[in-house]
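Each value in this text was obtained by applying a stated rule to the coordinates, not by laboratory testing. Here the structure is a predicted model, which is why all the values come from computation and not from measurement. All Cβ positions, even for glycine, are placed from backbone atoms using ideal geometry, and neighbour counts span all protein chains on display.
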Amino acid sequence: MAILPTPVPPRPERRSFWTWGYVSDEPSDAEREAAAKRLADRLGEEVRPPPVPKIGDIALRQARLRVPTALQDWVSATDEERVTHTYGGHALELLRGLRGEFPNPPDAVAHPRDDAELEATLAWCDRNGFAAIPYGGGTSVVWGVNPPEHANAAVTIDLDRMNAVLEVDDVSRAARVQAGILGPDLEAALRPLGLTLRHFPQSFPWSTVGGWVATRSGGHYATNHTHIDDFVESTRMLTPRGWFESRRLPGSGAGPSPDRLVLGSEGTLGVITECWLRLQKRPVHRATAGVRFASWRSGCEAVRAIAQAKLWPANLRILDPAEAAFSAGMDGAHALLIIGFESADVPQGENIRAALALARGHGGLVEDGDVLIDDGGGAPTGRGGAVGAWRNAFIGVNAGLTAGLGLLSDTFETAVTWDRWPEFDAEVRARVGDALRRTLGDSARLSCRFTHVYPDGPAPYYSWSGVVPRGGEAERWQVIKDAATAAVVGAGGTVTHHHAVGRMHRDGWAKQRPALFADMWRGAKKAVDPGGVMNPGVLLED
Ligand SMILES: Cc1cc2nc3c(=O)[nH]c(=O)nc-3n(C[C@H](O)[C@H](O)[C@H](O)COP(=O)(O)OP(=O)(O)OC[C@H]3O[C@@H](n4cnc5c(N)ncnc54)[C@H](O)[C@@H]3O)c2cc1C
């Protein structure tokens with residue numbers, strides 16, 4: 001039986017151009033002043049937050065196109081539209097936004113409301129050779145939504161008005177969802193039906209289903225269903241050559257998968273408009289624990305044992321001592337392993353006890369009283385102590401607080417097979433640590449956690465930060481990024497586990513994929529986008 005949920009209302013406010021999220025996510029002047037004071041106390045020197053420019057004061061290049069009258073209902077070239085669609089969410093982009101630097105904005109922004117308006121927009125771009133940039137929530141951290149440098153004009157296609165849940169099949173437990181829907185709107189539409197997607201990337205409040213599918217995003221499940229791929233039943237995409245639509249199937253061995261071509265295409269083949277996504281019942285059984293380890297290495301071994309026991313915990317994140325101190329308030333000597341189980345149908349006490357036995361067998365320290373089990377009573381799990389502190393830091397992340405204060409920070413994530421770990425970790429820390437010392441001096445920090453774990457290997461996520469002189473940010477960032485890419489790819493890992501390729505990881509991806517794969521991909525692109533207008537420069541050189 002198919003149920004039609006209520007339509008999702010339009011987004012109430014515009015996106016911020018200098019921090020993650022919307023205007024209401026922007027910290028106040030007082031909050032920025034307080035953050036500056038905390039940093040000044042740490043550094044022992046004066047730190048002042050720079051003023052935020054007004055959109056009207058930002059000088060933009062003249063638009064290089066004229067929007068045809070027939071398209072003016074949903075395509076516009078106002079400064080506000082062009083400014084708020086110039087950048088994604090990477091640290092250097094936010095900094096440029098805060099400084100009012102917008103040298104290469106899109107020339108126009110489209111907000112199609114239906115297939116016909118999208119078809120007319122794409123045909124206009126294709127006819128004129130304008131770069132067409134699909135845009136979901138604009139949270140790309142790999143330079144995936146920027147207009148290409150050498151286009152004769154660029155049109156951003158924002159899917160925000162194609163944001164409905166169209167159909168729910170509660171027998172198969174799946175929903176037909178438009179690509180522009182934001183994470184919270186999707187969950188709100190499914191909640192009255194007792195259903196959920198439960199795909200929670202950290203950017204969940206601001207990112208869209210289309211963006212997740214286009215980038216193969218990683219959600220909160222640390223094991224088993226890690227990527228959005230695992231939830232995609234079928235896809236629908238408009239290419240310059242026409243519609244591409246796959247059949248809904250629970251699985252299929254019929255040759256190469258059409259969906260696998262769409263997943264990770266990053267806007268280079270077409271605009272994804274809809275997907276059928278696999279759903280599940282909302283969990284009521286939960287169990288959580290935080291386990292301390294005196295040794296990072298034995299903590300990682302415990303993670304391997306739990307992953308290989310195939311208990312499939314929803315959460316299995318280990319934080320190294322530096323990260324546990326910074327984001328979970330721990331002592332700096334212990335690593336923290338956060339284990340969490342959830343299920344709609346099956347009590348999880350037995351699973352967490354089995355996982356904890358494995359952790360203790362590797363030297364893990366946890367009191368029985370610190371294990372929280374809830375079988376539907378609504379008792380909060382994972383909210384207290386170090387586990388809760390880490391959760392709050394993760395959810396409450398706000399780049400705007402420290403933007404422009406002279407701190408440079410970023411992350412890089414990868415995955416590698418267990419046989420290469422922990423030598424891989426040592427190699428990455430040595431090479432990136434060296435680059436950090438050379439560029440950021442004594443202020444540099446480097447830490448690691450696992451975001452996802454597979455039976456055959458972890459997905460480590462490294463975070464770094466340090467003090468940088470004004471004007472030297474991009475150059476120093478590049479030195480650190482080059483060291484990180486060389487280290488992770490050189491030591492047998494992937495250039496990205498879930499942040500996508502974009503323009504940032506193009507060269508690193510080229511080093512790890514089969515040489516012939518680039519030709520195969522070019523062939524596929526040429527078949528659906530012969531004019532090369534779809535997001536040029538992303539994945540492959542323009
Ligand atoms: C604070 C923060 C935390 C993050 N945490 C995570 C995380 O936990 N896991 C994770 O995987 N990522 C994370 N990211 C990265 C980012 O959120 C993901 O890549 C996300 O999937 C992008 O979704 P979006 O809707 O914002 O897409 P956008 O940023 O708008 O676009 C991303 C790419 O997808 C393409 N695209 C977007 N929509 C479509 C469409 N409908 N059709 C075709 N192509 C399209 C764009 O052209 C672009 O190349 C994080 C980013 C930030 C800023």
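Please report, in debye to the nearest 20, how large the charge dipole of the chain is about its Cα centre when each Lys and Arg carries +1 at its beta carbon and each Asp and Glu carries -1 there.
Numbers: 58 positive and 66 negative charges, 108 e Å.
Using only the charged Cβ atoms, the result is roughly 520 debye.
As I understand it, the dipole of the range 58-164 uses +1 on the Cβ of Lys and Arg and -1 on the Cβ of Asp and Glu, about the Cα centre. Which of 59, 71, 112 lies farthest toward its positive end?
59
For the range 168-194 and the range 32-83, write down the distance between their C-alpha centroids in whole Å.
33 Å
Find the lysine pairs in the chain meeting two conditions, Cα atoms under 25 Å apart and a separation of 8 or more places or different chains, and report how many there are.
On the way: 37/54; 281/310; 481/511; 511/525; 511/526.
Count of close lysine pairs: 5.
If you place +1 on the Cβ of every Lys and Arg and -1 on the Cβ of every Asp and Glu, how big does the dipole about the Cα centre of the range 420-542 come out, in debye to the nearest 20?
Working: 17 positive and 14 negative charges, 27 e Å.
So the magnitude is around 140 debye.
When the helix-only estimate is applied to the chain (DSSP H runs of n ≥ 4, each -39,500 (n - 2.57), divided by the residue count), what is the mean residue ellipticity at 222 nm, nearest 500 deg cm²/dmol? Can you show the working numbers first?
Values: 15 runs with 165 residues, N = 542.
So the calculated ellipticity at 222 nm is -9000 deg cm²/dmol.
Exactly which chymotrypsin sites (Phe, Trp or Tyr not before Pro) in the range 185-233 are in a DSSP loop and have at most 12 other Cβ atoms within 10 Å?
When the chymotrypsin sites (Phe, Trp or Tyr not before Pro) of the range 185-233 are filtered for loop state and at most 12 Cβ neighbours within 10 Å, nothing remains.
Between beta-carbons, use under 12 Å as the cut-off and find the net charge around residue 82, counting Lys and Arg +1, Asp and Glu -1. List each step's numbers first, then the result.
On the way: positive: 61, 64; negative: 79, 80, 81, 107, 158.
With Lys, Arg at +1 and Asp, Glu at -1, the net is -3.
Would you give the gap between the C-alpha center of the range 116-143 and the C-alpha center of the range 323-399, rounded to a whole Å?
If you average the Cα positions of each part, the centres end up 42 Å apart.
Write out the GluC sites (Glu not before Pro) in the range 1-89 meeting two conditions: DSSP loop, and at most 16 other Cβ atoms within 10 Å of their Cβ.
Details: sites: 13, 31, 33, 45, 46, 80, 81; in loops: 13, 45, 46.
When the GluC sites (Glu not before Pro) of the range 1-89 are filtered for loop state and at most 16 Cβ neighbours within 10 Å, 13, 45, 46 remain.
If you add up the charges near residue 368, with Lys and Arg at +1 and Asp and Glu at -1, over every other residue whose beta carbon is less than 13 angstrom from its beta carbon, what do you get? Before the final figure, lay out the partial values.
Working: positive: 353, 360; negative: 367, 370.
Combined, the nearby Lys, Arg, Asp and Glu give 0.
Residue 437 versus residue 28, label points 7 Å from Cα toward the beta carbon: distance in nm?
Each label point lies 7 Å from its Cα, and together they span 4.4 nm.
Let me spell out the model: positive unit charges on the Cβ of Lys and Arg, negative unit charges on the Cβ of Asp and Glu, origin at the Cα centre of the range 481-542. What dipole size does that give, in debye rounded to 20?
Details: 8 positive and 6 negative charges, 17 e Å.
Charge dipole, the range 481-542, about its Cα centre: 80 debye, nearest 20.
Provide 341, 130 in ascending order of the number of other Cβ atoms located within 10 Å of each residue's Cβ, fewest first.
Values: 341 27, 130 24.
Ascending number of Cβ neighbours within 10 Å: 130, 341.
Hey, can you rank 411-423, 263-275 by average C-beta count inside 10 Å, highest first? Write out the running numbers ahead of the final one.
Working: 411-423: 18.6, 263-275: 24.8.
Highest mean packing first, the order is 263-275, 411-423.
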